[in-house]
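The values are calculated or read from the model by the stated rules, or taken from the named source; none is laboratory data. Computed from a predicted structure; not experimentally measured. Cβ placement follows ideal geometry from the backbone for every residue including glycine, while neighbour counts extend to all protein chains displayed.
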Amino acid sequence: MEGDWALRLMNEMLWNGMLIAGPVLIAALATGLLVSILQVVTQLQEMTLSYVPKLFVSAAVLLLLGSWMMHRVTQFAMEMIALIPDLN
């Protein structure tokens, strides 16, 4: 296995991980920011208030994009399994 080949596989793995985790993380970040702004405006400083909306938004994103995420992971896994005979 050459170094550039291993780096390409690592790059592909990290890129897929970012694409799969990104939508959930961005949605949770945006929800947390909106809840924080709402807390500042209403002067309601409850620490646990942001957890429930983030949980619901994350679950909704997972329900909406879960099939695409699973398809992406299985495609990547099948590509990696297909590369096993080429390993020396």
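Structure summary
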quantity	calculated
Selected residue (criterion: farthest from ALA21 (Cα to Cα)) from residues of region 70-88 that are among the β-branched types (Val, Ile, Thr) and under 20 Å from the mean Cα position of the chain (by Cα)	THR74
Residue pairs meeting the criteria (Cβ under 7 Å; at least 6 apart or on separate chains; first at pLDDT 90 or above, in region 72-88; second in a helix (DSSP H, G or I))	ARG72/ASN16; ARG72/LEU19; ARG72/ILE20; VAL73/ILE20; PHE76/ASN16
Region 30-51, residues that are out of contact with any helix residue (DSSP H, G or I) (no Cβ under 9 Å at 6 or more places or on another chain) and among the hydrophobic types (A, V, I, L, M, F, W, C)	LEU33, ILE37, VAL40, VAL41, MET47
Count of residues meeting criterion [surrounded by 11 or more Cβ atoms within 10 Å (Cβ to Cβ) and among the aliphatic types (A, V, I, L, M)] in region 1-28	10
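Residue by residue, here is whether (1) of a type in the set (Gly, Ala, Ser); (2) modelled with pLDDT of 95 or more; (3) not in a helix (DSSP H, G or I) holds:
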{"residue": "MET10", "(1), (2), (3)": "no, no, no"}
{"residue": "LEU38", "(1), (2), (3)": "no, no, no"}
{"residue": "GLN45", "(1), (2), (3)": "no, no, yes"}
{"residue": "SER50", "(1), (2), (3)": "yes, no, no"}
